[in-house]
1. Any chance you could give the angle, 0 to 90 degrees and rounded to 10, that helix B:58-78 forms with the longest Cα principal axis of chain B?
2. Given the DSSP H assignment, sum -39500 (n - 2.57) over each helix run of at least 4 residues in chain B and divide by its residue total; what's the result at 222 nm in deg cm²/dmol, nearest 500?
3. Sketch the reach of a paramagnetic label on A:I88 as a point 7 Å from Cα along Cα-to-Cβ, and name the residues of the stretch B:137-152 whose backbone nitrogen lies under 20 Å away.
4. Helix B:7-16 against the longest principal axis of chain B: what's the angle in degrees, Cα atoms only, rounded to the nearest 10?
5. Average partner chain C-beta neighbours within 10 Å, per residue of A:44-54?
6. Just subtract the alpha-carbon distance of B:Q11 and B:F53 from 0.36 nm times their residue separation and send over the number in nm, one decimal.
7. Roughly how far apart, in whole Å, are the Cα centres of the stretch B:72-117 and the stretch B:35-69?
8. Suppose only helical runs count, i.e. DSSP H with n ≥ 4. What mean residue ellipticity at 222 nm does that imply for chain A under -39500 (n - 2.57) per run, divided by all residues and rounded to the nearest 500 deg cm²/dmol?
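We did not get these values from a lab; they are worked out from the coordinates using the rules stated. What you see is a predicted model; the values in this text were computed from it and never measured. When we count neighbours, we look across all protein chains shown, and the Cβ atoms used for this are built from the backbone with ideal geometry, even at glycine.
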Amino acid sequence: MPHPWIFLTAFIVGGLICVIGQLMLDLTKLTPAHVMTILVVSGAILDGLGWYDPLIQFAGAGATVPITSFGNALVHGAMAEAQQYGIIGLITGIFEVTSAGISAAIVFGFLTALIARARG
Amino acid sequence: MSIQLGNRQKQYQQFLKGRQPSRPFFRNSIRAFLAGGTTCLLGQGIQELFVHFFHMSEKMAGNPTVAILIMISALLTGLGVYDIFSQWAGAGSAVPVTGFANAITSAALEHKTEGYVVGIGSNMFKIAGPVIVFGVVAAFFVGLARYIILHI
């Protein structure tokens, strides 16, 4: 069970991760693509250090909704399969957990493109 | 910048300095905080719905939650609402997973006129691609490092 303050911590932690992204955009000359890439790689490294799971415990969706969790989930999938099948599991397992995000984005993105018209 | 600047370019850089508007990073950060926080709050709400009505564990509910958020984001992108939102929210709309879906959907929409295969198919990951490429490469090496540490 999550703690009763989970909605508050989700709001604050999720907001703060977005502030980090915004400050990288505003205070450096990094492009949005660079900032997103840095955040994803950070998520992967944080999970490698074992720090991302405690953050999810603390902040719930505040940690699983930002793009950093994509890096975390990639490492999780790879590690879980590697534990079962040895080193080849790193390759076979990498998309195990993130399948929901990528599949949903492709399917719904495609369907939207079929129906909607480009604007602007 | 690795390009050698000539004298005139240097003068121009000097000229530009002080004339560029400073970015209102404080206001932008507040907006990013509010928008990003609200998106995560919405995610937490959806996650609790999955826990209560489908009797999933918190961990299991994370994946369908992301899928629902992505569906909402793709829909709002199609309606042109997400772009208005991102004008206001900046990174607050780009950093959550909804921004990832927006990048994919808007790239697909933009190239729709070039055809389904060559337009939508080829360009869908034009913006979101780097995130996947670097995420996967990083995850591979992080996983490899952990595997070696755990098993040797």
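1. 50
2. Details: 7 runs with 110 residues, N = 152.
Here the helix-only value at 222 nm equals -24000 deg cm²/dmol.
3. Counting only backbone N, you get B:140-141, B:143-145, B:147-148, B:151.
4. The helix B:7-16 is inclined about 60 degrees to chain B.
5. On the way: counts 10, 5, 1, 4, 9, 2, 1, 0, 0, 1, 0.
Whole-number average of other-chain Cβ neighbours for A:44-54 is 3.
6. Numbers: separation 42, 0.36 × 42 = 15.12 nm, distance 6.53 nm.
So the chain would gain 8.6 nm between B:Q11 and B:F53.
7. Using only Cα atoms, the two centres lie 21 Å from each other.
8. Working: 7 runs with 91 residues, N = 120.
Estimated from H runs of four or more residues: -24000 deg cm²/dmol.
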